[in-house]
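Data first, discussion second: the structure below is written as structure tokens.
The values are calculated or read from the model by the stated rules, or taken from the named source; none is laboratory data. Bear in mind that the values here come from a model prediction, so they are computed numbers and not experimental data. Don't worry about glycine lacking a Cβ; one is built from the backbone with ideal geometry, like all the others, and counts go over all protein chains shown. Protein only, heavy atoms only, side chains kept; ligands, DNA and RNA dropped before computing areas. Shrake-Rupley method; radii C 1.70, N 1.55, O 1.52, S 1.80 Å.
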Amino acid sequence: MSDAPDAGIAPAVADVLRDPYAGTRPEPDPPRPPYRGMSDVDRSALWQQRLHEAEAGLTRLLAARGDEVHLTDWFALQAEIFADLPDPRTALPSAWQRVFFRGQALMERFLVARYGEEVLADWARANAEIYRQVEPDHGRGAADPIHRIARQAELYGSSYEFDDEAPPTAAQAAVTITHCSIWDYREQARRTGVRITLASPCTYCTEALSANIRAKGFRPSHQLRSGPTGHGCRWEATDERQEP
């Protein structure tokens, strides 16, 4: 007996005869972002680390500039940054997120008011030096800073994905953020009374992520995107020593 369907049977019926489960199998789930399962402890720890990188980087920048900064102004800013800290034993990640966002907004305003937006690139480089010292090396080469970007995206609930055809390697790695929820959080914060200094979060974020990748010894590149899913971006890190 031939395995070919009877020529007199309609094609759709023949398909069902070949696969009795045709049309009944559920569609496969979309790929799960790799850090969607981050624990609350890990999320809180990353918010705390990011606040430390930003504040310590600002201290480093102000000391390096050598110009006169009224110390009482700086002390007052630090008091605002670290006011009403959550209880580390019981606080949810969302509490540390609020502290970080408040601190980031305060530091941006402090710097831009005194030096203009151009100083943000200097701050990003100073923060990256702190990041280089406190962010562990996981032995993944160029994938290390790319995974850090993915973890940060996860903190905000952003949509992101690694390339299926070119997964992260030690020589080159990339991640695409298809919807950046930082924009959403900025608007939420604005509605609750937080003063937002920059018209776009990308102004500082692109400087900061580029500096972090360079601080780990890799070449950064990025593309900003905007479309039906909202604002997004693509980031790559390349080890130039391993390029052909």
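Of the residues 141, 193, the single one that is on the phi > 0 side of the Ramachandran plot, open to solvent by 30 Å² or more (accessible area, probe 1.4 Å) and in a loop (DSSP other than H, G, I, E, B) is 193.
Being acidic (Asp, Glu), open to solvent by less than 20 Å² (accessible area, probe 1.4 Å) and over 25 Å from residue 41 (Cβ atoms) holds for only one residue in 239, 163, and it is 239. Of the residues examined, residue 182 is not one that is open to solvent by 10 Å² or more (accessible area, probe 1.4 Å), touching a Cys at 6+ places or on another chain (Cβ under 6 Å) and under 18 Å from residue 36 (Cα atoms). The residue list 148, 186 contains one member that is under 18 Å from residue 54 (Cβ atoms), free of Cβ contacts under 8 Å to residues at least 24 places away in the same chain and part of a helix (DSSP H, G or I), which is 186. Among the residues of the range 213-225, the ones that are part of a helix (DSSP H, G or I) and in contact with a strand residue (DSSP E or B) (Cβ under 8 Å, 6 or more places away or on another chain) come to 2 in all. Checked against (1) open to solvent by 20 Å² or more (accessible area, probe 1.4 Å); (2) in a helix (DSSP H, G or I); (3) hydrophobic (A, V, I, L, M, F, W, C), residue 155 meets all criteria but (1). Total residues in the range 79-99 satisfying the condition of being under 20 Å from residue 195 (Cβ atoms) and crowded, with 16+ Cβ neighbours inside 10 Å: the figure is 4. In the set 148, 132, 102, only one residue is at pLDDT 90 or above, open to solvent by less than 40 Å² (accessible area, probe 1.4 Å) and more than 16 Å from residue 232 (Cα to Cα); that residue is 148. Of all residues in the range 55-72 being open to solvent by 60 Å² or more (accessible area, probe 1.4 Å) and assigned to a helix (DSSP H, G or I), which is nearest to residue 112 (Cα to Cα)? Among them, the one singled out is 65.
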